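The structure appears right after this line, and notes come after that.
Rule-based calculations on the coordinates, nothing more; no lab input. Fair warning: this is a prediction, and the values are worked out from it, not measured in the lab. Positions of Cβ are backbone-derived with ideal geometry, glycine not excepted, and every protein chain shown enters the neighbour counts.
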Amino acid sequence: MTADSPQQPDSPSLAALEITEAECRRCGTLIAGLDGRYACPVCGWVNHWSEGHEALPTGSDDPDSSNRLS
Ligand SMILES: [Zn+2]
């Protein structure tokens with residue numbers, strides 16, 4: 001069995017994610033984000049969570065949450 005195969009045919013569907021680009025509002029660097037959410041690797045700026053295109057999952061949507069609270 002090989003560890004860390006370079007090809008992962010069962011990787012999550014990236015087609016379902018919308019990759020978008022925008023300029024950092026602090027330093028102007030062109031950065032890429034997912035679903036309208038951005039984080040600048042240069043200055044650390046992030047946009048507000050409410051600017052995302054879709055609602056964020058809640059804690060109860062996390063399959064691990066019930067395991068940790070029990
Ligand atoms: Zn920046």
*Arg37 long-range amide H proximity, modeled H, under 5 Å*: His53
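Report the FRET efficiency, 1/(1 + (r/R0)^6), for Asp62 and Arg26, where r is their Cβ-Cβ distance and R0 is 30 Å, rounded to 0.05. Intermediate results must be reported in sequence, preceding the final value.
Numbers: r = 30 Å, r/R0 = 1.01.
The calculated FRET efficiency here is 0.50.
Just to confirm a number: summing +1 for Lys and Arg and -1 for Asp and Glu over residues other than Asp35 whose beta-carbon lies under 15 angstrom from that of Asp35, what do you get?
Working: positive: Arg37; negative: Glu18, Glu21, Glu51, Glu54.
Counting the neighbours of Asp35, the net charge comes to -3.
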